[in-house]
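The next block holds one structure in the form of structure tokens; read it before the comments.
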Amino acid sequence: MTLLEVKNLKKYYEISQGLFKPKVVVKAVDNVSFSIKKGETFALVGESGCGKSTTGKTLLRLTGTTSGEILYKGKDLLALSAEKMRSLRAEMQMVFQDPYASLNPKMTIKQILMEPLRVHNKFQPEERLEKILKILEIVGLSKEHLDRHPNEFSGGQRQRIGIARAVILNPDFIVADEPVSALDVSVQSQVINLMLELQKEFGLTYLFISHDLSVVEHMTDRVAVMYLGKIVELVDTEELFANPKHPYTQALISAVPASHPKEVKERIVLKGDVPNPANPPSGCTFHTRCPFAMDICKSVVPALTEIESGHITSCHLYTNNKEEK
Amino acid sequence: MLDFIVKRVVQVVIVVFLALTVVFFLIRLSGDPTTLFLPPDAPKEQIEEYRELLGFNRPLYVQYAEFMKGAVHGDFGESLRSGEDALGLVMARMPATFQLAISALALSLIIAIPLGVLSAYKRNTLFDKASVGITVIGQAIPNFWFGLILIFIFAAQLKLFPSSGGGSVKHMVLPVITLALYSVSRFVRFTRSAMLDVLSKDYIRTTKAAGTPTSTLIMKYALKNSLIPIITLIALDLGVLLGGAVITEAVFSWPGVGRLLQQSLMNRDFPIVLAGVFIIAIIYAVINFITDILYAYVNPQIRVK
Amino acid sequence: METSTITTTTNPIDSKVQKKSKFKFFFRKLSKSWTGMLGFGIIIILIVLSLFGQWIAPFDPMDAPLRDRLLPPLTDGHILGTDQLGRDILSRLIAGTKVSMIIGLATALLAGVVGTIIGVTAGYFRGWVDVVLMRIVDVQLSFPFILLVLVVSAVLGAGLTNIIISLAVGGWVIFARVIRSEVLAIREKEFITAAIATGVPKLEILVRHILPNIFTPIIILVSLQMGTYIIAEASVSFLGFGVQPPTPAWGNMLNEGKDYIFGSWWLITFPGLAIVLTTLGVNLFGDWLRDTLDPELKGE
Amino acid sequence: MTEVLLEIKDLGIQFKTGEGVVQPIRGVNFSLKKGETLGVVGESGSGKSVTSLAIMGLLPEKKSKIVSGSIHFNNQDVTHLKDRQFRKLRGNEISMIFQEPMTSLNPVFTIGEQLSEPLKQHKKMAKKDRKEAIINILKQVGIPRAEQIINEYPHQLSGGMRQRVMISLALLCDPKLLICDEPTTALDVTIQAQILELMKQIKSEKDMSLLFITHDLGVVAEMCDRVVVMYAGEIVESAEINELFDNPLHPYTKGLIDSLPTNNTRKSRLFSIKGQVPRPDEIGKGCAFANRCPYAFDKCIASAPPTFSTGEHLSKCWLQEPERQVKIQ
């Protein structure tokens, strides 16, 4: 059961270089396609600037799209009128990375949680407070917090409020953009648990955007790895960690620090930095850092291919029938 | 670079054009000035004759087009009073105003930057508090009144300097001090806060961690960083300085553009006002241009672009 | 999940107590800064003088017995002396307070309202509206404020209303520019994206999320600009364009007094001091307000 | 027995804030031997960064005060050292790498100008030798085109490159002690891997001790010989790296290790420590961790535990009182 399908999504930015120079086009999201099944947690993984957050925002139409289709329950979101999209937002919500910036400092918790109910006209006004109290209890806060402002809470508590705001309308789909990366270690696990519980309780579907592979491994079902605006590998989470195909995925997984000092990690250290997205390398954009780069990689863009059942990757190592690691 | 200059020149043209247009219509809206030159009981025919002579009887847009055509060639008409070329009159007064404004700017910078830096370095000491206190008061003093007080003390009582007129260095002392007062106060406060801002930056901690002594830290490193915002402020304040010059010139009867403009406004001698507006808008644009270049010089992030 | 067991130390607050404590909070903060107190004190005195000045003043500020002209301070009950027409300077200063306060406040409100509307429009709706409005702001900023006020007030003619309009014509740009950049900054905040994601309509985002967050900078700017307007009015009146005699205003008192500078120092000293004290009070309070409410705004 | 390079005893630091005085550091003890890499682990607000700034003598002068204890570096008491004397150590014998490579380099000076600063302060060198030394060190930290880089400005470099520049800046004068304050936190995973490899390599080449401050247990596991765990301004546990991971004695340490996703079965509920780190003004007379501790009992709330030792393994928990010695599992 597909809840959301993304087809050939593109998001290009233009950067003006001055009056007499041509504009530079940055391909933040470049021809990305995937689909999310109802009830699953789908992860977008990659390093800063790879386009994972932009992809998340385009799905909710929080930023413009250059081309492509986003089918949510079969409807193309990009074709909806602004008003239709606005009312559909009751079903599609978002949890943000920065719990400090994502709550309006001038509003009380009650106002913050009341807002979604009010704008979507859910429940009778007198029932709304009841609903708010219920959701507060679910996320581990209580009645006495109602009239406080966000600055009176710690980062972890704020993220709970942000999650409460997202789930209060009983949505079907939530985009969670790095929801735990701004939190302290001991609080991270609390919030992850909360998200897992809510998913079970409300049958939520998550798009989980993260750079933290150990969190992704723990709580997601399928993963798409992104590099410079493109998906380079897409497969079930367990399979990805057990048998990564794309050299970038391999390097990414190997770069995760060990969890025990005795654990010996065979590490693939990539050379160099992520190239400037305004001026990406030719061919396979990863070839400048790839330990297995071949001649063909410099000139030909590898296509996303299903190399094993359900395991998609874009790498010449596999399309050339040369099975190498 | 070419890009930058073209953009800038276009901008200046727009600014000057709009400024002239607005002032032109403002002036015309306030009625025509013919009545000012004639006795109040002048016969109607005489007024009409005069209006025709000065061209005020034509439709407004014709007058505007005529005016703009002249302005492009630097012709703003003749003074309604003296009949001399308006732009020429303004230009003749420029040197005196420049003398005043530049001396005041130089004086403010010489005093304000060291004071501001020292104040930031000795934050919360008696010295810092005193300098902040003086600048707060300095900003509250209207400069024309400060000028009057200086005249009272140094011209009327002590008879050290002349109270009005221009021509010698002695004539300059009181007007320059008067004009510098406000800028000094602003510059000290701003240098101090720019410096404090820079001193709290991570990269200053890095330099400190290299074992750099505080004096080097401030004089070599932090000062260069804080110059970026300081230059911006100075550019912004040059407008205030030019405006202040108008008032200061009035107080000291300084023979500059400001005094000319004030008198022309009083006399409704509008060709001169328009010529003055034209010149000031251009000067201001030039100053902004220079600031941008200076800015690029101290800020490598812009330079490399 | 027992997170709530360790909550912040503040007691549960109900909203009534909170409103009351806001006043208390204001005064507790104020009492910590003597400069803020001083500014606040001066402002209170100025308000009292402008409201009840006519009963406080020892003489009629318009009464001009020529035999009493140019009396030095402390003669015949004239604490600050008399002017060239024999009018009591103290009484005229008190009467002038009202003029200065009205001009300062009215201009700040007028310029503030116009500038805020334009700034919000430009910053929130962006596009060509923003481009056009900001071009106008740039053009105006490329012209000295005081000179603009001078030209406009020369064109409009003398009078209290006209000087207020002239000052506001010169002053709205600052508001427009600051408010626009505030709006731009807030627009980029994640809580605005969150509101869009929640499905809050565009206009409601402006009213509920953006306006409350620019309220503080507006208040700060109003209080900081008032001093500028008071000084500008005095300067314009001093040059003979603003409030015209015989209305007692500090600027035209100085204008009239400047011809007597060599003989009668009190004619120029006291009106000037009145301007300095007023501006100082307003500025000190404005500075304190800025430092307390919005430390980030420090240094422009 | 190897020599001790850095010894901190009962360190207490107070900060003046608008609301009054707080004490984010309350009695910190640890020592660092020559050639050793010591990890300091803790969450935000645990006081790990404040401690490192104290070692560098970089605490904000007027706002903070060392109220108790001492810091000895290389047998010299540096606790209340005058800035003039401290300057001779900073950048010379003690160096530091900061968390934010993007903001830690001065935007208006070239890389070369910034790198010559410690050499100017501590080494008498001709200009030409200085340049050579700088190019040399840049090459050592793996910066390509070192000759050109010295004339470039920080904004022309990527985050990873800047952090390499920061490392080279710290290494210029061959310090005896290198403090790394979350050196990889702001970096991407693949860049983090590069920087960690680099630091391992540098450590193996140079005779240097490392104080590695981080919140990431994984980084500690890879880099350190010994670990101290900080919580709410004190050290709650200190042990050799394997011992700490295999046999954590303090419930906080155990909680941190157990809550790592990799130590939990996939999709299961993660182990988690309830509640959150207390603010300095919320700490009472008992154990600072008592309100979050699943093992807390009366004594924990009544009084703060002293440090108990089991050989080299120290912990500040009443469970480790000699007559109790509970194994938490």
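The values are calculated or read from the model by the stated rules, or taken from the named source; none is laboratory data. Just so it is clear, the structure is predicted and the values come from calculations on it, not from any experiment. Cβ placement follows ideal geometry from the backbone for every residue including glycine, while neighbour counts extend to all protein chains displayed.
Assorted remarks:
- Given (1) away from chain B (no Cβ under 14 Å); (2) in contact (Cβ under 8 Å) with a residue 12 or more places away in the chain, number of the condition residue C:125 does not satisfy: (2)
- The residues of segment D:229-262 that are among the acidic types (Asp, Glu) and in contact with a strand residue (DSSP E or B) (Cβ under 7 Å, 6 or more places away or on another chain), listed by number, are D:234, D:237, D:240, D:243.
- Looking only at segment D:73-93, residues that are in contact with a Pro (Cβ under 6 Å, 6 or more places away or on another chain) and surrounded by 23 or more Cβ atoms within 10 Å (Cβ to Cβ) come to 1 in all.
- Sole residue being β-branched (Val, Ile, Thr), within 12 Å of another protein chain (Cβ to nearest Cβ) and free of Cβ contacts under 8 Å to residues at least 60 places away in the same chain, chosen from C:200, C:236: C:200
- Put simply, of B:135, B:207, B:178 the only residue that is part of a helix (DSSP H, G or I) and without any contact (Cβ under 8 Å) to a residue 24 or more places away in the chain is B:207.
- Residue in segment C:265-279 that is modelled with pLDDT under 85, surrounded by fewer than 24 Cβ atoms within 10 Å (Cβ to Cβ) and at negative phi present: no
- Single condition residue C:197 does not satisfy, out of (1) part of a helix (DSSP H, G or I); (2) out of contact with any strand residue (DSSP E or B) (no Cβ under 6 Å at 6 or more places or on another chain): (2)
- Segment C:257-277 - residue that is more than 8 Å from every other protein chain (Cβ to nearest Cβ) and not in a helix (DSSP H, G or I) and, of those, nearest to residue C:60 (Cα to Cα): C:264
- Restricting attention to segment D:170-190 and to residues that are of a type in the set (A, V, I, L, M) and not in a loop (DSSP other than H, G, I, E, B), the residue that is farthest from residue A:271 (Cα to Cα) turns out to be D:177.
- Looking across segment D:44-61, the residues that are part of a helix (DSSP H, G or I) and not small (Gly, Ala, Ser) come down to D:48, D:50, D:51, D:53, D:55, D:56.
- Residues located in segment B:1-49, provided they are closer than 21 Å to residue C:155 by Cα, modelled with pLDDT under 75 and either part of a helix (DSSP H, G or I) or within 14 Å of chain C (Cβ to nearest Cβ) (or both): B:29, B:30, B:31, B:32, B:33, B:34, B:35, B:36, B:37
- Candidate set from segment D:117-140 (those that are under 27 Å from the mean Cα position of the chain (by Cα) and hydrophobic (A, V, I, L, M, F, W, C)); member that is nearest to residue D:87 (Cα to Cα): D:119
- Considering residues of segment B:246-291 that are in a helix (DSSP H, G or I) and hydroxyl-bearing (Ser, Thr, Tyr) only, the residue farthest from the other protein chains (Cβ to nearest Cβ): B:291
- Spans of strands (runs of 3 or more DSSP E) in segment A:1-91 with at least 1 residues surrounded by 15 or more Cβ atoms within 10 Å (Cβ to Cβ) and either polar (S, T, N, Q) or within 13 Å of another protein chain (Cβ to nearest Cβ) (or both): A:24-37, A:41-45
- Residue among D:22, D:108 that is among the β-branched types (Val, Ile, Thr), touching a helix residue (DSSP H, G or I) at 6+ places or on another chain (Cβ under 9 Å) and closer than 22 Å to residue B:215 by Cβ: D:108
- Any pair with Cβ under 6 angstrom, 6 or more apart, that starts in segment D:89-108 at a residue that is within 16 Å of residue D:162 (Cα to Cα) and more than 7 Å from every other protein chain (Cβ to nearest Cβ) and ends at one that is polar (S, T, N, Q) and buried (at least 20 other Cβ atoms within 10 Å of the Cβ): D:101/D:163
- Selected residue (criterion: surrounded by the most Cβ atoms within 10 Å (Cβ to Cβ)) from residues of segment C:240-255 that are more than 13 Å from residue C:160 (Cβ to Cβ) and touching a Phe, Trp or Tyr at 6+ places or on another chain (Cβ under 8 Å): C:254
- Test: residue in segment D:253-266 that is in a loop (DSSP other than H, G, I, E, B), free of Cβ contacts under 8 Å to residues at least 12 places away in the same chain and in contact with an Asp or Glu (Cβ under 9 Å, 6 or more places away or on another chain): yes
- When C:280, C:254, C:221 are screened for being more than 14 Å from chain A (Cβ to nearest Cβ) and without any contact (Cβ under 8 Å) to a residue 24 or more places away in the chain, only C:254 passes.
- In segment D:249-298, the residues that are under 17 Å from residue D:43 (Cα atoms), facing another protein chain (nearest Cβ under 7 Å) and among the polar types (S, T, N, Q): D:259, D:272, D:276, D:291
- Hey, residue A:261 touching a residue at least 24 places away in the same chain (Cβ under 8 Å), in the same structural domain as residue A:65 (by TED's automatic domain parsing), more than 20 Å from residue A:34 (Cα to Cα) and not charged (D, E, K, R) or not: no
- Of all residues in segment B:185-231 being polar (S, T, N, Q), over 18 Å from residue D:155 (Cβ atoms) and over 31 Å from the mean Cα position of the chain (by Cα), the one that is farthest from the other protein chains (Cβ to nearest Cβ): B:215
- Selection of segment D:143-172 for residues being surrounded by fewer than 20 Cβ atoms within 10 Å (Cβ to Cβ) and facing another protein chain (nearest Cβ under 10 Å) yields D:144, D:152, D:155, D:156, D:158, D:159.
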